[in-house]
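*Asks:* Take this structure first; my questions come after.
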Amino acid sequence: MIQLLPDHIANQIAAGEVVQRPASALKELLENAIDAGATNITIVLSDAGRTLLQVVDNGCGMNGTDARMAFERHATSKIRQLDDLNAITTFGFRGEALASIAAVAEVTIKTRRQEDETGTQVVISASEVTAQEPVACAAGTSIAVRNLFFNVPARRKFLKSDSVELKNLVAEMQRVALCHPGVAITMQHNGTNLYNLPAANLRQRIVAIMGKGINQHLVTVQVDTSVVSIKGFIGKPEYVKRTANEQFFFVNNRFFKSAYFQKAIYNACQQLLPDKAYPVFFIYFELSPDKIDVNIHPAKIEVKFEEEQIIFQMLYAAVREALGKFAIVPSIDFDTEGAPAIPAMRKNVPATLPPLRIDPSFNPFEEDKKTKPLPGISSGTSLKGWEKLYEGLSHSRQFETIPEEKMPEQLPVGNFATERAICQLKGKYILTPVKSGCMIIDRRRAQQRILYERFLQNLTHPQQETQQEIFPQTVTLPPVDYALLESVLDDLSQIGYDIRPFGNNTVVVNGQPASFPAMDAAQLIEELLYTLHENAAGLKTQRHEKLALSLAKAAAGTSGEPLNMFEAQALVDNLFACKEPALSPEGKPTLQIITMEEIDKRFLK
């Protein structure tokens, strides 16, 4: 009953763990190139790695026998004995990567050692070697992976859109580039050059990948102990992101993820970060290989530390010290305004009691006939008729008692009552009475619903005017973000945004819709790209809906300062003029009603 699996089936099972998407294959090929001692790597992609994923390096290369053996399962040049597992200093060591990739793709490898005159070409399809022959090629190795998952259609079907897969490919390249700044890396996609990273120092490599704007916001982190050496950079508290995509941990030049060490940094930055914001950091650990275990995850992105609690405390202290050294952590500053003056005591001078000043005629039970007048009212002014002081002022309506017969039903349709008592709670919720009780409106979701329907209307029936900026703003983006934004520029112009390419992954914002609130150009594009990436999977099938949703979420922003009474009233009116006032564009409720019965129950306890 028990039988050994055939090699091609075993390799496909392994591929399910190691090669989950094109980015997984790129990770393995880049790590092999680094292990081969490459100083120059070129990445060529077509259709986000579906059609072609090629990595060319100038490493040590292989002879004909090694080129063929490299695709055998568990064939490795890194491990010779059991003790080698406790001193791993290379990326790859298990010998599963190439075998797993070859099991689900068509692979062509060309390789030559420096001392050889000719190289070797091996062609493999679905784990089967179809050709091996001598070939003229440059020193190093070139591996081309074509038609990934061609023999596993179910896996290919569940790949995301090109923009999502390309983003994952870029993320894998960045992880390798950030821990090997001395290696020059070039990345091309569909004939377009995305990255051209020359060999540089660490700070220059970070700036080359993340953009020039990050340079002035980096704070150096450095500590050396007998347990671990920690170095790197952390972003200043004002330079935060909406996601944790710019958080990097490396140990012995290997990228890894750790929620535990993330907590150390969050604790160190406590009370310095705004809500729902993520700090930017690039932290590098150096310690003995026998103090860590990198073989606990198929993709090797989790690492187990022998002394993680000690390292946690050292990381926390190092980040606090870095922020304090650059005067980013606020110092203790007691408020001395209005405090009593404390005279300095002189030596050999006796202390004297301060004189006491009392009013012997003061009687607390006697009616005070010298009442101070109210601010802004002269002493001769009569206070009679004070109740008429505020007559005619519009904002006094918020204190009126509204008869029940004039209250709307739970979900009124069309124009909401124009004179309605409105109360705001912490700039986040709007409360207003209805016949059945009290209606609570989520301000941000309501704004999203209103903006979503307006943006969608303008996308289908362009009638929007553009308000030109007096001083157009330029925004530089990472290549992936630039490509995504460029794909929706025509749609943005229909809404009223005048955003144009400016060269070198830079766009210039010349104008914004005249009937919508203007936003800072950098903030607008950041919010738009954030929501576009979130919804990129369905961008092709529901283009207008997804774009309108992204713009609505970007323009609505977050709840902040309370609205004035006219703005709050307009928000309520506009919400109930929408087609779906009770739901946000994402299907979440925009309002809730607390009935009088629920309120009464709270007072019966």
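*Asks:* Can you tell me which residue is nearest to the chain's Cα centre (by Cα) among those in region 93-152 that are of a type in the set (Ser, Thr, Tyr) and under 21 Å from Asp35 (Cβ atoms)?
*Replies:* Step one: filter region 93-152 for residues of a type in the set (Ser, Thr, Tyr), giving 100, 108, 111, 118, 120, 125, 127, 130, 141-142.
Those still in the list that are under 21 Å from Asp35 (Cβ atoms) too: 100, 108, 111, 120, 141-142.
Working: Ser100: 31, Thr108: 37, Thr111: 39, Thr120: 44, Thr141: 35, Ser142: 34 Å.
My answer is Ser100.
*Asks:* Let me ask something else. Looking only at residues that are assigned to a helix (DSSP H, G or I) and without any contact (Cβ under 8 Å) to a residue 40 or more places away in the chain in region 493-526, which one is surrounded by the most Cβ atoms within 10 Å (Cβ to Cβ)? Let's see the steps before the verdict.
*Replies:* Residues of region 493-526 assigned to a helix (DSSP H, G or I): 493-495, 521-526.
Within this subset, residues satisfying the condition of being without any contact (Cβ under 8 Å) to a residue 40 or more places away in the chain are 493-494, 523-524.
Details: Ser493: 16, Gln494: 17, Gln523: 12, Leu524: 21.
Among those that are assigned to a helix (DSSP H, G or I) and without any contact (Cβ under 8 Å) to a residue 40 or more places away in the chain, it is Leu524.
*Asks:* Suppose the filter is without any contact (Cβ under 8 Å) to a residue 60 or more places away in the chain and in a helix (DSSP H, G or I); does Arg205 pass it? Spell out the reasoning first.
*Replies:* Numbers: without any contact (Cβ under 8 Å) to a residue 60 or more places away in the chain: yes; in a helix (DSSP H, G or I): yes.
Yes; evaluated as a whole, the condition is true for this residue.
*Asks:* Shifting gears a bit: Could you list, in sequence order, all residues of region 34-44 that are outside any loop (DSSP other than H, G, I, E, B) and either outside the structural domain of Arg112 (by TED's automatic domain parsing) or farther than 20 Å from Phe150 by Cβ (or both)?
*Replies:* As a first pass, look at region 34-44 and keep what is outside any loop (DSSP other than H, G, I, E, B): 34-35, 40-44.
If the condition is that a residue be outside any loop (DSSP other than H, G, I, E, B) and either outside the structural domain of Arg112 (by TED's automatic domain parsing) or farther than 20 Å from Phe150 by Cβ (or both), then Ile34, Asp35, Asn40, Ile41, Thr42, Ile43 are the ones that fit.
*Asks:* Write out, first by first residue and then by second, each pair whose Cβ atoms fall under 6 Å of each other, whose residues are 6+ apart or on separate chains, and whose first residue, in region 139-152, is within 15 Å of Val122 (Cβ to Cβ) while the second is in a loop (DSSP other than H, G, I, E, B) and modelled with pLDDT under 90.
*Replies:* Correct list of pairs: empty, since none qualify.
*Asks:* So, Glu246, is that one within 16 Å of the chain's Cα centre (by Cα) and either exposed (fewer than 15 other Cβ atoms within 10 Å of the Cβ) or among the small types (Gly, Ala, Ser) (or both) or not? Spell out the reasoning first.
*Replies:* Details: within 16 Å of the chain's Cα centre (by Cα): yes; either exposed (fewer than 15 other Cβ atoms within 10 Å of the Cβ) or among the small types (Gly, Ala, Ser) (or both): no.
So Glu246 fails the test.
*Asks:* Name the residue that is modelled with the highest pLDDT, counting only residues in region 8-33 that are in a loop (DSSP other than H, G, I, E, B) and crowded, with 20+ Cβ neighbours inside 10 Å. Steps first, answer last, please.
*Replies:* As a first pass, look at region 8-33 and keep what is in a loop (DSSP other than H, G, I, E, B): 19-21.
Restricting the remaining residues to those that are crowded, with 20+ Cβ neighbours inside 10 Å gives 19, 21.
Working: Val19: 82, Arg21: 88.
The extreme case among them is Arg21.
*Asks:* Residue by residue through region 582-605, note down the ones that are closer than 19 Å to Lys435 by Cβ and assigned to a strand (DSSP E or B).
*Replies:* Correct list: Leu591, Gln592, Ile593, Ile594, Thr595.
*Asks:* Let me ask something else about it. Taking into account only those residues within region 460-492 that are within 26 Å of the chain's Cα centre (by Cα) and part of a loop (DSSP other than H, G, I, E, B), which is nearest to Tyr195 (Cα to Cα)?
*Replies:* Pro478
*Asks:* When the residues of region 169-201 are filtered to those that are among the hydroxyl-bearing types (Ser, Thr, Tyr) and out of contact with any helix residue (DSSP H, G or I) (no Cβ under 7 Å at 6 or more places or on another chain), which remaining residue is surrounded by the fewest Cβ atoms within 10 Å (Cβ to Cβ)? Lay out the reasoning, then the answer.
*Replies:* In the first step, residues of region 169-201 are kept if they are among the hydroxyl-bearing types (Ser, Thr, Tyr); the result is 186, 192, 195.
Applying the additional criterion that residues be out of contact with any helix residue (DSSP H, G or I) (no Cβ under 7 Å at 6 or more places or on another chain) yields 186, 192.
Working: Thr186: 16, Thr192: 10.
Here the residue is Thr192.
*Asks:* Within region 84-93, is even one residue touching a helix residue (DSSP H, G or I) at 6+ places or on another chain (Cβ under 8 Å), surrounded by 16 or more Cβ atoms within 10 Å (Cβ to Cβ) and at pLDDT 90 or above?
*Replies:* Checked region 84-93: no residue is touching a helix residue (DSSP H, G or I) at 6+ places or on another chain (Cβ under 8 Å), surrounded by 16 or more Cβ atoms within 10 Å (Cβ to Cβ) and at pLDDT 90 or above.
*Asks:* So which residues in region 250-265 are exposed (fewer than 15 other Cβ atoms within 10 Å of the Cβ) and over 18 Å from Arg175 (Cβ atoms), if there are any at all?
*Replies:* Tyr260, Lys263 - these are the residues of region 250-265 that are exposed (fewer than 15 other Cβ atoms within 10 Å of the Cβ) and over 18 Å from Arg175 (Cβ atoms).
*Asks:* With respect to the numbered conditions (1) in a strand (DSSP E or B); (2) free of Cβ contacts under 8 Å to residues at least 24 places away in the same chain, which one is the sole condition not fulfilled by Thr186?
*Replies:* Of (1) in a strand (DSSP E or B); (2) free of Cβ contacts under 8 Å to residues at least 24 places away in the same chain, only one is false for Thr186: (2).
*Asks:* Now for a separate question. Looking at Glu286, is it among the acidic types (Asp, Glu) and surrounded by 14 or more Cβ atoms within 10 Å (Cβ to Cβ)? Don't jump to the end; show me each part of the working.
*Replies:* Details: among the acidic types (Asp, Glu): yes; surrounded by 14 or more Cβ atoms within 10 Å (Cβ to Cβ): no.
For Glu286, the condition - among the acidic types (Asp, Glu) and surrounded by 14 or more Cβ atoms within 10 Å (Cβ to Cβ) - is not met.
Conditions tested, residue by residue: (1) at pLDDT 85 or above; (2) within 23 Å of Phe233 (Cα to Cα); (3) in contact with a strand residue (DSSP E or B) (Cβ under 9 Å, 6 or more places away or on another chain).
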{"site": "Tyr266", "(1), (2), (3)": "yes, yes, yes"}
{"site": "Gln271", "(1), (2), (3)": "no, yes, no"}
{"site": "Lys276", "(1), (2), (3)": "no, yes, no"}
{"site": "Val280", "(1), (2), (3)": "yes, yes, yes"}
{"site": "Ile283", "(1), (2), (3)": "yes, yes, yes"}
{"site": "Pro298", "(1), (2), (3)": "no, no, no"}
{"site": "Glu308", "(1), (2), (3)": "yes, yes, no"}
{"site": "Met314", "(1), (2), (3)": "yes, yes, yes"}
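*Asks:* Out of the residues in region 542-574 that are surrounded by 14 or more Cβ atoms within 10 Å (Cβ to Cβ) and part of a loop (DSSP other than H, G, I, E, B), which is modelled with the lowest pLDDT? So that I can check it myself, show each step before the final result.
*Replies:* If we filter region 542-574 for residues that are surrounded by 14 or more Cβ atoms within 10 Å (Cβ to Cβ), which is where we start, we get 543-557, 559, 562-563, 565, 568-574.
Now narrow it down to the ones that are part of a loop (DSSP other than H, G, I, E, B): 557, 559, 562-563.
On the way: Gly557: 63, Ser559: 54, Pro562: 71, Leu563: 75.
Taking the candidates together, the pick is Ser559.
*Asks:* Anything in region 136-155 that is surrounded by 15 or more Cβ atoms within 10 Å (Cβ to Cβ) and outside any loop (DSSP other than H, G, I, E, B)? List them, or say none.
*Replies:* Gly140, Thr141, Ser142, Ile143, Ala144, Val145, Arg146, Arg155
*Asks:* Collect the residues in region 221-257 that are over 30 Å from Glu527 (Cα atoms), in a strand (DSSP E or B) and touching a residue at least 12 places away in the same chain (Cβ under 8 Å), keeping them in residue-number order. Steps first, answer last, please.
*Replies:* To start, the set of residues in region 221-257 that are over 30 Å from Glu527 (Cα atoms) comprises 222-231, 251-254.
Subsequent filtering for residues that are in a strand (DSSP E or B) retains 222-224, 229-231, 251, 254.
Correct list: Gln222, Val223, Ser229, Ile230, Lys231, Val251, Arg254.
*Asks:* May I ask you to say which residue of Ala171, Ala177, Ala184 is assigned by TED's automatic domain parsing to the domain that holds Ala23 and under 18 Å from the mean Cα position of the chain (by Cα)? Give the steps one after another, and end with the answer.
*Replies:* Details: Ala177 fails: under 18 Å from the mean Cα position of the chain (by Cα); Ala184 fails: under 18 Å from the mean Cα position of the chain (by Cα).
Selected residue: Ala171, the only one of Ala171, Ala177, Ala184 that is assigned by TED's automatic domain parsing to the domain that holds Ala23 and under 18 Å from the mean Cα position of the chain (by Cα).
*Asks:* Give just the number: which of (1) at pLDDT below 90; (2) in contact with a strand residue (DSSP E or B) (Cβ under 7 Å, 6 or more places away or on another chain); (3) within 14 Å of Leu148 (Cα to Cα); (4) not hydroxyl-bearing (Ser, Thr, Tyr) does Ala99 not satisfy?
*Replies:* (2)
*Asks:* For a quick check of your reading of the model, give me the residue pairs whose first member lies in region 565-587 and is without any contact (Cβ under 8 Å) to a residue 24 or more places away in the chain, whose second is surrounded by 14 or more Cβ atoms within 10 Å (Cβ to Cβ), with beta-carbon atoms closer than 9 Å and at least 6 apart or on different chains.
*Replies:* Listed by first residue and then by second, the contacts come to Ala570/Leu563.
The values are calculated or read from the model by the stated rules, or taken from the named source; none is laboratory data. Being a predicted model, the structure only gives us computed values, none of them experimental. FYI the Cβ positions are ideal-geometry reconstructions off the backbone, even for glycines, and counts take in every protein chain you see.
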